[in-house]
Amino acid sequence: KYANFTLRKVEDDFIITRGLFEKRQFTIPLKRIQAIRISENIVRQPLGMATVYVESAGGSSSNEESSKVLFLPIIKRHNITQLLEPYLEDYEWNSKLSPAPPQALVRYLIRGALVSLPVIVVMVYLFQIWGLLSLGLLAVTSLWAYLQFKAAGWSLEQNMVTLRYRLIIKNTVYMRKNNVQSLSVKQSLFQKKKRLATVEAVVKSGQGGSGGKVLDLHEKDIAIIYNWYSRENSTVKME
């Protein structure tokens, strides 16, 4: 599928060509690029490898491939900046991300436990002593929750916001301010007690939206992001 993959910049367009038996070509106008997404799955991340996607304003809801375009199928993580910086000069690739605060770790662990505990209860009920082996699932979900906590981060430049988060795959999303269509801040009662909140930024992608969402950042960090975007924009939601 990705044999003979080439990426070229021709004037104001990126042109992607790929395929062995069926050759395909995509053209991405620079002006339609809304965000850059770097994805690291559980296999590639330990090897220092990543995949780069472009969120494009073109395409349609029925053709996701034309809105979320595979830009670089596999590349060394530390080579991404060197390769893309000369061609995407509006992006800040070396921003240092601020992590989620320490008090957020408990909430990440609780969410992980809520996934595994119902399964453990059912297994113990059905298989009694043997069901206790399912406690290993709690260790797995706790580790995964910790990795999610470690991945969470954000950074701001004058014209760009970067959000990093993990569901299964670790994603780092670079979004220029003028491409962010909306920014929302949510805070539950439980988050409020620990002075935490969740932020989500959305850019246009195809006929819908895409972007990044980071859980349980500190209130003061959320306020910085909120004020950065709300000074010149009205599409900000506080919940």
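The values are calculated or read from the model by the stated rules, or taken from the named source; none is laboratory data. Remember, it's a predicted structure, so these values are computed and weren't measured experimentally. We place every Cβ from the backbone using ideal geometry, glycine too, and count neighbours over all the protein chains shown. Please note that ligands, DNA and RNA were not included when accessible areas were found on the heavy atoms of the full protein model with its side chains. Shrake-Rupley method; radii C 1.70, N 1.55, O 1.52, S 1.80 Å.
Of the listed requirements (1) farther than 21 Å from TYR174 by Cα; (2) more than 22 Å from the chain's Cα centre (by Cα), GLN103 misses just one: (2). For beta carbons closer than 6 Å, sequence separation of 6+ or different chains, a first residue in the stretch 97-112 that is farther than 18 Å from VAL140 by Cβ and a second that is of a type in the set (Gly, Ala, Ser) and assigned to a loop (DSSP other than H, G, I, E, B), the qualifying pairs are ALA100/ALA152. Pairing residues of the stretch 174-192 that are in contact (Cβ under 8 Å) with a residue 40 or more places away in the chain and over 18 Å from LEU217 (Cβ atoms) with residues that are of a type in the set (Gly, Ala, Ser) and open to solvent by less than 30 Å² (accessible area, probe 1.4 Å), at Cβ distances under 8 Å and at least 6 apart in sequence or on separate chains, gives ARG176/ALA35; ASN179/ALA35.
The strands (runs of 3 or more DSSP E) found wholly in the stretch 165-239 and carrying at least 1 residues that are of a type in the set (Gly, Ala, Ser) and either modelled with pLDDT of 90 or more or touching a helix residue (DSSP H, G or I) at 6+ places or on another chain (Cβ under 8 Å) (or both) occupy 180-186, 196-205, 208-218. For ALA50, indicate whether it is modelled with pLDDT of 90 or more, under 17 Å from the mean Cα position of the chain (by Cα) and surrounded by 12 or more Cβ atoms within 10 Å (Cβ to Cβ). Spelling it out, ALA50 is indeed modelled with pLDDT of 90 or more, under 17 Å from the mean Cα position of the chain (by Cα) and surrounded by 12 or more Cβ atoms within 10 Å (Cβ to Cβ). Taking the stretch 216-230 as the range and being touching a residue at least 40 places away in the same chain (Cβ under 8 Å) and open to solvent by less than 40 Å² (accessible area, probe 1.4 Å) as the test, the residues that pass are ASP216, LEU217, HIS218, ASP221, ILE225, TRP228, TYR229, SER230. Number of residues in the stretch 149-164 that are open to solvent by 10 Å² or more (accessible area, probe 1.4 Å) and part of a strand (DSSP E or B): the value is 4. Would you say ARG37 is part of a strand (DSSP E or B), modelled with pLDDT of 90 or more and open to solvent by 100 Å² or more (accessible area, probe 1.4 Å)? For ARG37, the condition - part of a strand (DSSP E or B), modelled with pLDDT of 90 or more and open to solvent by 100 Å² or more (accessible area, probe 1.4 Å) - is not met. Give just the number: which of (1) in a loop (DSSP other than H, G, I, E, B); (2) closer than 27 Å to LEU30 by Cα; (3) open to solvent by 70 Å² or more (accessible area, probe 1.4 Å) does TYR91 not satisfy? Checking TYR91 against (1) in a loop (DSSP other than H, G, I, E, B); (2) closer than 27 Å to LEU30 by Cα; (3) open to solvent by 70 Å² or more (accessible area, probe 1.4 Å), the one that fails is (3).
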